[in-house]
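First the structure, in the form of structure tokens, and then the observations on it.
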Amino acid sequence: MIKFFLFFIMMLFPTIAWAEEPLLDQPRWSFELKTGIFDPSIKNWSTYYGKKDIPEYAVSMAYSFKPQIEVGAGVGLFMAEGSGFEVFHGTAAGRVTYDLFPLELFVTLRGVVAEDQLLVPYIGAGLSRMYYHEKVQGGQTVSGFADGYLARGGVEISLNEIDPYAANGMYDYYGVFRTAFFIEAEYTHAIVSSIDIGGIAYMGGLRFEF
């Protein structure tokens with residue numbers, strides 16, 4: 001897992017060297033709000049909880065060394081409620097609630113080549129710690145965490161280029177240099193007792209650079 005993360009960082013440096021030098025007045029921090037659906041890797045998930053995916057909510061903060069590379073951290077929340085079987089024991093149960101709280105550290109490589117770029121593709125990878133909590137009504141509670149890794153990719157759509165007037169207002173009133181809408185997919189892998197509690201998330205959200 002650590003070797004995978006280090007290998008990804010090493011692969012970034014040649015690409016970064018090719019990118020244009022940033023302007024002097026560039027935002028260093030970014031904040032993202034996102035939501036979407038999470039498709040768990042747990043087998044027969046729909047048997048436990050009645051549907052194949054669950055809603056996800058997440059936030060992240062990152063620091064940009066250059067417009068093309070940033071490091072950051074994020075936290076997410078997944079919640080599901082169903083009946084039938086316990087995920088970790090595979091035994092019959094009553095009402096079951098399952099909560100998942102992933103914490104992430106990541107590096108992102110962004111395809112920035114111009115200041116007025118409308119579309120910015122990006123890829124990223126990092127480490128994840130996923131805290132889980134499963135409770136059976138009137139029965140047993142199972143909780144803990146699993147360490148794993150993640151990989152993501154997506155594209156940003158610059159709202160500055162779509163509506164420059166609103167972008168100027170965001171800067172004047174809130175100090176936000178750039179606002180973008182983005183869509184992404186993220187794969188997470190984390191094992192607990194031979195069970196992969198990771199999965200694939202499909203997300204959309206807003207990014208604010210300041």
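The numbers here are math on the coordinates, done by the rules we state, and not lab data. The shown structure was predicted, so the numbers you read here are calculated from the model rather than taken from an experiment. With ideal geometry, Cβ positions are generated from the backbone for all residues, glycine too; neighbour counts draw on all protein chains shown.
At a glance:
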{"read-out": "Relative packing of 34-44, 108-118, 160-170, which averages over residues the other C-beta atoms within 10 Å, highest first", "value": "34-44, 108-118, 160-170"}
{"read-out": "FRET efficiency, Val113 to Ala185 (Cβ-Cβ, R0 25 Å, nearest 0.05)", "value": "0.65"}
{"read-out": "Residues Ser128, Ser60, sorted so that the one with the fewest Cβ neighbours within 10 Å comes first", "value": "Ser60, Ser128"}
{"read-out": "Sum of side-chain charges, Pro40 neighbourhood, beta-carbon under 11 Å (Lys, Arg +1; Asp, Glu -1)", "value": "-1"}
{"read-out": "Ascending count of other beta-carbon atoms within 10 Å, so fewest first, for Trp29, Trp45", "value": "Trp29, Trp45"}
{"read-out": "Residues Leu150, Leu33, Leu103 arranged by fewest to most Cβ contacts within 10 Å", "value": "Leu33, Leu103, Leu150"}
{"read-out": "Quotient of Cα Rg and 2.2 N^0.38 Å for the stretch 86-210, N being how many residues it contains", "value": "1.43"}
{"read-out": "Relative contact order for the stretch 88-210, counting Cα pairs under 8 Å that sit 6 or more residues apart, in percent", "value": "21"}
